1. Just going by the charge dipole of chain C, with Lys and Arg at +1 and Asp and Glu at -1 on Cβ, which of C:Leu152, C:Leu188, C:Ile94 is farthest out on the positive end?
2. Ignore the peptide's own chain and count Cβ atoms of other chains within 10 Å of each Cβ in C:313-321; give me the average, rounded.
3. Distance from a point 7 Å along Cα→Cβ of C:Arg255 to each backbone N in the range C:115-133: keep the residues under 20 Å and list them by number.
4. Have a look at C:Phe146, C:Phe66, C:Phe24 and tell me which one the Gaussian network model of chain C (Cα, springs below 10 Å) gives the largest fluctuation.
5. On full extension of the chain, what length is gained from B:Gln224 through B:Val305, given 0.36 nm per residue of separation minus the C-alpha to C-alpha distance?
6. Given H placed on each backbone N at 1.01 Å, which residues far from A:Gln231 in sequence or on other chains put an amide H within less than 5 Å of it?
7. Say we join alpha carbon atoms closer than 10 Å with springs in a Gaussian network model of chain C; which of C:Met183, C:Met226, C:Met143 then has the biggest fluctuation?
8. Label points 7 Å out from Cα along the Cβ direction at C:Ile94 and C:Ile329: separation in nm?
Amino acid sequence: MSLLSIRNLSVSFATGRGPFRAVDRVDLDVAAGELVAIVGESGSGKSVAMLAVMGLLPWIATVTADRMMFDGRDLLSLSARERRRIIGRDLVMIFQEPMSSLNPCFTVGFQIREAMKAHLDLSRAQRQARAVELLELVGIPEPDRRLSAFPHQLSGGMSQRVMIAMALACKPKLIIADEPTTALDVTIQAQILDLLLKLQKESGVGLVLITHDMGVVAETAQRVCVHYAGQQVEMQDTRGLFRDPHHPYTAALLAALPERARGRLLPSIPGIVPGLADRPTGCLFSPRCGFATDTCRTVPPPRAGAELGLALCHTPLVAGVPQRREFAA
Amino acid sequence: MAEENAIDDPMPTAPERFVLDASGLSLGAAGVVVALTEPVGEEPSPLRAFWSAFSENRGAVLGLAVVVFIALLALFAPWVAPHSPIEQFRQSVLLPPVWAGGNWTFPFGTDAVGRDVLSRLIYGARISLGIGLSVMVVSVALGIVLGLAAAFMRGIVEVVVMRVMDMVVAIPSLVLAILIVAVLGPSLSNTIIAVTVVYLPRYVRLVRAAALAELTKEYVIAAQVAGVGRLRLMFVTVLPNCLAPLIVQAALGISDAILEAAALGFLGLGAQPPTPEWGAMLADAREFIRSAPWIVTLPGLAILVTVVAINLMGDGLRDALDPKLRRS
Amino acid sequence: MLNLILRRVALTVPTFVALMFVTFVAVRLVPGDPIEARTGERGIAPERLAQLRHELGLDQPVWRQFLDYIYGLLHGDFGVSIVTKTPVLHEFLILFPATLELAFCALVFAVVLGVPAGVLAAVKRGSVLDHSVMTVALAGYSMPIFWWGLLLIMFMSEYLGLTPVSGRMDLINYYFEPVTGFMLIDSLLSGQEGAFGAAAAHLVLPSIVLGTIPLAVIARMTRSSMLEVLGEDYVRTARAKGLSPLRVVGLHTLRNALIPVVTVVGLQTGTLLAGAVLTETIFAWPGVGKWLIESISRRDYPALQGGIMLISAIVILVNLIVDMLYVAINPRIRHG
């Protein structure tokens, strides 16, 4: 049984020009201890989908789903109070901007102990001891002293280590990491990612890694979901995805990896992700797709079977060749 | 960075364009920028864009309507008011308003010496709005000159101007106004002077800060490179970009000036009898709290409604002109 | 840190000097002769006039008078009131507790109502509650407080008979020697039954009147500050910990949102003291505001001069303290 199971998750925001659907019928399954990556460009709704799972979206957002189960409990039917008992204890999230994600008015130690105080039955001394232990775990030197530091006294990498320590405080079952390294210096990025992976492996916690870095995905994840414009266009195990991408968008993303470039110019995907105003009627990727047909431009694509990576495409690729499917008309 | 923006950005924000147009009159680099930033498509005129942003705010439109109404009353007071504001009808002293048993000759009743309250209120609008506008015009003009001088000349000019402003701010506003009126003697024109001095620092500080911020930007440097003279740089190149917050402050400043002047009038240090100034009317009415509540209620209500309307309008102006200031 | 404090303190010195100069010059320019105003007699004998002028130092050249004034100020001598013949500082110190008590109660009223109103408006953004709070705040912000005072007297005191019309104390029923100068404390110390209640009842209306504008400013400021902070990443982090909304809003958000609000509250001192002039006049409250207005009509130069100096000094000092407080509650600066 999977730890997290989501079916048909949609999120729309009320805007001045009508509702905007940021996440469109997304599915996701994460087993205990599994590492699943979600990749996509900025604005593809990957963070929003996970914030919806956490229940952290602002009130202008409307979340709907057929199913949203975590650890055998239905997140949709839980009251806010019951949900808060899960959030922060079993299900935690690490954010993109470590510097602004820590409250500038409170010490690091206060913010780490706070989560334990809310969820665990520990004494003050035990919480303090655990906080020291956690900072050691995430590789922060002089943990005793650092606990009384304020966030502005830490570097970005250090802050993200604190965020990880905070996430681990209550021994969670699933961590959602939303581009945890994007805002950091390039040299620090690898350290933080390695730390996260090491801790994941050691503790056997499930991890959803949101990223736009295909290289990171290749090295780390067991399975990959590819998001485009709020839709999930493909889901495969990592090896299969890199060997034989079925959705043209995935194929184009992979082709854009520097390691895979053959010519002197790095291939890129022309155009940008459609916004609120310029949403195509058919397949959302059709304006940028090299294989697009008239059908693609007018009819929303169906979802292919698991053997084709659940690709959301009229003509899924097999070994780079589009397959015309019978029922497409 | 900013130069690139100016060229790439197909739709520069309104104030930016304002200046580029202005400095385009001069030669050189600035002129090239103008050519490159010419908007491609049809774009609503700045005035229309402003109005559409302003009219979105219902409170602001309501405020504007009320202000216009009061301004029209003030302007046409001699035609609108049923009586003279100072004529005393000795046979109808302390007559209640029409809804409290009075008659239609004096719809809002009469005061202790038989003057028509409605007429006094209408003429009072002239005085209050007049004070508000005069204070605003004088302090904006002085604020621009002193603020720009402090920003451009730096050195001793800046130190002297800003220290004096600090000192003015350190004295509680009404206390300073009282001191000035005490020196000059109580009168309407001295009220204007006192209130202007009290509110001057706001404008000077605002203009100086805005000008200093603009001075570091590339278009100012471009204009300097193009050989624009200092005065032109101050008033034609930089000033238009400081206008948005200044306009907002000026609008809100009118209401503060009206309140301050009314307070002086109330203390007997402003307009002198029989001038129908709202604050002074309140002071005269104090002893009739028990017997004639309407002469206490109405002038204050007039002040409150006017000030609320101007503040609503000012808040709308701020939201429409200067989204950065959208704080409260 | 110490450096920062010293620099801020040093910055106030030129302001003080300018202040002394301007109050001195301005007060010299007040029309009318103080001796004439005091004696009320015209055509006073020339020898008597010269003697009086000499006693008051008015026969000295103006620059000499100014230097004497500064010398005196530096020695705590703010001059002697021409009317009462008592030192200005002494007179001020007797009256100031009344003003301080009033201003303090007004500020408490403004903060206790304004901060929660602003917080609720921000949390329930766009709701009826939010709109009501903002409308009331707009009215409060635009209120001519002298009229507001008259209205309250009219309704609460004259019509409902709930509160006293004026003054600090019901002197017919209670009498006790001032100890601290604060009527609330002195009435308790006196041990007279009902005295405290009477003192408090006298404070209600003046506090509401004086607190109205600060209340509006604080509510607006709190709301906008809260809205800004509610959008911060660290508030999301706090919610992601599964903390209760009360803790997220009341601790993580409010703690940060209050930093600019404290500054605004501090900067209301000037507004409060200016408002005190009007409030004290309306309610016949025997404080420094009323005293200042009376000094003008009595042409009591030294009282006016000393009073304005002292009031301004208090405003400058309070602003300085607010700056320090801002540093103290904002760890980013404290350890900067």
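1. Farthest along the dipole direction, towards plus: C:Leu152.
2. The mean count of partner-chain Cβ atoms within 10 Å per residue comes to 2.
3. Answer for this model: C:115-116, C:119-120, C:123.
4. C:Phe66
5. 24.4 nm
6. Hits under the 5 Å cutoff: A:Asp24.
7. Judging by the Gaussian network model, the answer is C:Met143.
8. Label at C:Ile94, label at C:Ile329, 3.7 nm between them.
The values are calculated or read from the model by the stated rules, or taken from the named source; none is laboratory data. Every value quoted in this text rests on a predicted model; they were computed, and no experiment measured them. So basically every Cβ, Gly included, is an ideal-geometry build from the backbone, and we count neighbours across all protein chains shown. We work out accessible area using only protein heavy atoms, side chains counted, and drop any ligands, DNA or RNA first. Shrake-Rupley method; radii C 1.70, N 1.55, O 1.52, S 1.80 Å.
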